[in-house]
Every structure is written in structure tokens, then in C-alpha cells.
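The structure appears below as C-alpha cells.
Where a number appears in this text, it was derived from the coordinates with a stated rule and is not lab data. Predicted model only: the values in this text are computed from it and were never measured. Here the Cβ positions follow ideal geometry from the backbone for every residue, glycine too, while neighbour counts run over all protein chains shown.
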Amino acid sequence: MSTTNGTTFLTGVIEGFYGTPWNPAERADLLDHAPGWGFNTYLHGPKDDLHHRALWREPYGRAHAETLGRFIRSCAEGGIRFIYALGPGLDIRYAHRGDVEAILRRFSQLMDLGCRDFCLLFDDIPDVMYPEDRERWASFASAHAGVANEVFRWVQSRNPGGRFLFCPTPYCGRMASRQLGGPDYLATVGRELDAQIDIFWTGPEIVSEEISVAHIRELARLIRRKPLLWDNLHANDYDGHRFFCGPYSGRSPELRSELSGILTNPNTEYPLNRVAFETLGAFVRCEGAWDSRAAYLESLRSWLPGFASVGKPIELPDLVLLMDCFYLPYGLGPEAKELFRLAVDLMPRDPSGWGQAGERLRTGVARLRELCVRLTELRDRSLFSAMGRRIWELREELDLLERYWAWHSDPARKGQPFASDFHQPRTYRGSMAANLQRLWVQRDDGALVPRSPADPEFATAQLFFR
Ligand code: GDL
């Protein structure tokens, strides 16, 4: 697929999350599958690789450079465009010659390793300019465009025709409306940044539930080119309790012709990205309407052999139930939603009067709990470890529900408050993060309101002061 200005529509993966970067075996696995999914691009920008941000001025040591070089060569052989991204924004002095030269030195090192396509990232950085930057550039946006243009021209002079990408400081609608990076940042970049440079955008939000054609068109007018989508739909680095195995959704196929490409920045744990990758590939290729649920089921069917077990086999309906519990950032999948809805309805009532709905809840909980136990028997230990703690956490909560019901059905316990031997005060939900989460109630409109000290949730947190 190519865009209207003749450049290739970029489809593929950004390794651009916070957390442990993927290892060479994981990147090799990606490369093996990428062409089959219809991918043509891999962007290298792992936030927690020291050389990407914190040590951006230092060249790679020999071993690291060799590993990167091997992967760059494999990408070229496999028909995948390897794009190298650098994030100098934490402490760069834009007007300082030495800093611009440090970028060129790094890119030169990468060119020697065979890299042809480059990217500068200015996301998640302080919008600070030193006095000499302010003397040279009228604004933060002009400094970014100026440095990027210079680097782009240098790259082009040594390596004509390579793709060059740029991530602005305000990279979503919400950031732009808050004027992150200063007033008119995007309009300035749109005007001053070389027209051949692609500009990243994540949609109305950092993690966008939906992205409309109208939203992208409005941005395209401002930045004077088709945006390149950096899609965080499956990113999970901001919440250690979750991972996302739901389908690519909330974007209509019409969006494709408004963009210069779609790159997904997915789950930090590489083995959990099968559905994210496969359904993005299917979305980019699809003709007619996009049925995300059908694509999800299809992808799970093809992933199922990866769940081979030393114990009782995991079947497709098991996998659907499991991944419905780890679906997408804005919602559970239908089967998990249904189970949770039943629990919310029934839990405040006496279990003796639950009837058929109670049966459905108990069966569903028992099935899910048993599945969590069986996952410990997966042959693929990397896949098991990638899910491990989240599955354990889910199983603990399912256990607690079952203990609660058992307590209530025991006539000897009648009238006694329920307690679990496995959930002692100050061990259950005891982390500093869990305590801080209790400070807030989030309303439907997104507003965060401090919780009243009288709220029982808050009273639990008080235990931790003892
Ligand atoms: C971000 C970061 C990205 C991170 C993602 C999800 C961009 C452009 N930058 O803001 O590295 O993985 O959110 O937490 O999205």
C-alpha cells in the first residue's frame, strides 16, 4: 500500500515503551512473523535503553553495536524497514553545536551498522530552553524543527531517500489543547519542519479509545501533511496490573487513507503481542467493514497452539475467556464483562437467593480460576512468565470470591463477618501504590476527586499506619 504522495504506507511496530527492552530472540521472532502480518516497519526506540534517552550522547559499546547491526541486517534481508529513533530531549541544548553533533555522531554510528531510516523523538520531555536556545530560536517548536531539519539534511546528503520521522512534544489532542510545548507548537512545526519528514501522533489521547477521520483531517491541516499514527492502544507500560490482548479497534478503515502509516507501540512483554500485531495487520489489509471481534477470534485461533500445555489442553473457548479479561484499556471483552456484571449484581445479596444467575457466576468463576491454575503448565515458559503475576493476581481474587460463597453456605458461620486466612490485613492490597490509589475516586467524566476520610476504602488504608 502506498500513500497518495507516493511514499510507502508504514505498517508495523514501535519498540517505544517504558520497561525492559525486547531481547534479540524476541526481535528475531518479530522479524520472522512480520512479513506474514503485512508489516514493513520496525522502529527502535526503547525508552529504558540507556543509550536511547539518558545516555543519548554516548556511542554504543562494541557488543551492543554488534547486536544492533545484526538485527539491522536481518531486517534488510526480511524486507522490514529498520528505523532508528533517538530521544535527546531530556537535556539537549538546542543551540549548542556539540549537542547537534552528538546526534549526528550517533546516527553516523548507526549508518555504519547499515541503518538508513531515522527518527527524532521529543515526547515526554521538559519544555525547557536554555538562554542561548532562546536567543537562537523563537520558540520550542522552532528549536525542534530547526534541529530536526539540520539532522534530516545531513542524513539525506549521506543517504538520499531514507525515511525521517519526528515526534512532537504535544503528540495528542489533549496535549495540544493544553498547549504543551508552547502556543502554536504544532502549527509552527507544520510550517517549519521539512515537508518530507513524517510527524507522529497518538490521536485525541495518549492512549486513544477511538480516532476519527475528522480528528486526523483537522490535524493534517495544521501540520500540513498526513500524520503517522503512533498507536498506544495496546501499550501497557503505564499499568503493571494489565496487559492487552484485545483486537485493534476504535478506528475505521477510512482512516488509513488519511495517514502516512500506522505503527503500534504495544505491550512491554513481547510474548503478549500476538493479537495486537495480527489484528493491526488484518486492519491495514482489510477490504470493506472492519469486524474487530471476528479478527480477535481469528487471531486467538491461530495463537492457540502457542498455549500447548504439559497438562490438560487449553481450548479456544478458554483462551477467549482469558483474553476477554485482558482485553483493551477502555474495557473488558464481552465474556469478562458479563461475569463481572453478574458479580456486581449478586454480591451484595445473600447467596442463598441467587438462583440461576448465581449458578452462572459460580460456574464462570470456577472455570476462570481453574484456567489460571492450568496456565502454570504452559510449555512456553516465556509466555507464562509474561502473564504470570497478572494471572496470579486474578486467581487470588477468584479464590477470595469462592471462599466468600463457601463461608456463606456454612450454617456454622451464620452471622459471622467473612474473613480469609489468605488475605490478612496489611498483606492484602498493601503496596504504596495501592494506598495512593485509594486516595482518589474517579468520576465517569474523568475528574479525580479526593476520597472522603469516612469512605470504608480509605479506612482500610488507615490500617497501614499502625
Ligand atoms: C507515551 C510515550 C510512550 C509510552 C506510551 C504509553 C508516546 C509518543 N510516548 O506517552 O513511550 O509507551 O505513552 O505509556 O506515546
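Calculate, in nm to one decimal, what A308 and A419 gain on full extension: separation in residues at 0.36 nm each, minus their alpha carbon distance.
Details: separation 111, 0.36 × 111 = 39.96 nm, distance 3.70 nm.
Taking 0.36 nm per residue and subtracting the Cα distance, the gain is 36.3 nm.
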Cut-off 13 Å, label 7 Å out along Cα→Cβ of E135, residues of the stretch 82-97 by amide N
95-97
With R₀ set to 45 angstrom, the calculated FRET efficiency between the beta-carbons of A343 and R158, to the nearest 0.05, is 0.15
For the R285, R62 Cβ pair and Förster radius 35 Å, calculated FRET efficiency rounded to 0.05 is 0.30
Could you list the residues of the stretch 95-130 with an amide nitrogen less than 15 Å from a label point located 7 Å from the Cα of T7 in the Cα-to-C-beta direction?
116-121
Averaged across orientations, what area in nm² does the convex hull of the alpha carbons in the stretch 308-413 project?
7.7
Here the stretch 356-361 yields Karplus 3J(HN,Hα) values (6.51, -1.76, 1.60; θ = phi - 60°; whole Hz; Gly and Pro given as x) of 5, 4, x, 4, 5, 5
If every Lys and Arg gets +1 and every Asp and Glu gets -1 at its Cβ, then about the Cα centre the stretch 308-413 yields a dipole, in debye to the nearest 20, of 160
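Taking only C-alpha pairs under 8 Å that are 6+ residues apart, what is the relative contact order of the chain in percent?
Details: 719 pairs, mean separation 53.3, N = 466.
After rounding, I find 11 percent.
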Calculated [θ] (222 nm, deg cm²/dmol) that DSSP helices of n ≥ 4 give over the chain, each run adding -39,500 (n - 2.57):
-14000 deg cm²/dmol
What is the calculated FRET efficiency for A54 to V449, with r their C-beta to C-beta distance and R₀ = 41 Å, to the nearest 0.05?
0.70
Net length gained if the chain between A434 and E393 were fully extended (0.36 nm per residue, minus Cα distance)
13.4 nm
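Hey, how much of the P(r) for the stretch 236-341 falls beyond 21 Å, as a percent of Cα pairs?
On the way: 2119 of 5565 pairs.
Value for the stretch 236-341: 38 percent of Cα pairs lie more than 21 Å apart.
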Packing-ranked peptide list from 88-95, 53-60, 196-203, highest mean Cβ count within 10 angstrom first, is 196-203, 88-95, 53-60
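Arranged by the count of other C-beta atoms within 10 angstrom, fewest first, what order do M432, M347, M111 take? Write out the running numbers ahead of the final one.
Details: M432 8, M347 13, M111 17.
Ranking M432, M347, M111 by Cβ neighbours within 10 Å, fewest first, gives M432, M347, M111.
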If I take all pairs of Cα atoms in the chain, what percentage of them are more than 29 Å from each other?
55
Unit charges on C-beta of K, R, D, E only; dipole of the chain, Debye:
260
Along the stretch 423-429, what does the Karplus equation 6.51 cos²θ - 1.76 cosθ + 1.60 (θ = phi - 60°) give for ³J(HN,Hα), rounded to whole Hz, x for Gly and Pro?
10, 6, x, 6, 10, 7, 6
Measuring from centroid to centroid over Cα atoms, what is the spacing of the stretch 174-202 and the stretch 280-323 in Å?
37
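Using the count of nearby Cβ atoms within 10 Å as a rough guide to exposure, how do T363, T264 rank from fewest to most? List each step's numbers first, then the result.
Details: T363 11, T264 25.
Placing the least packed residue first, the sequence is T363, T264.
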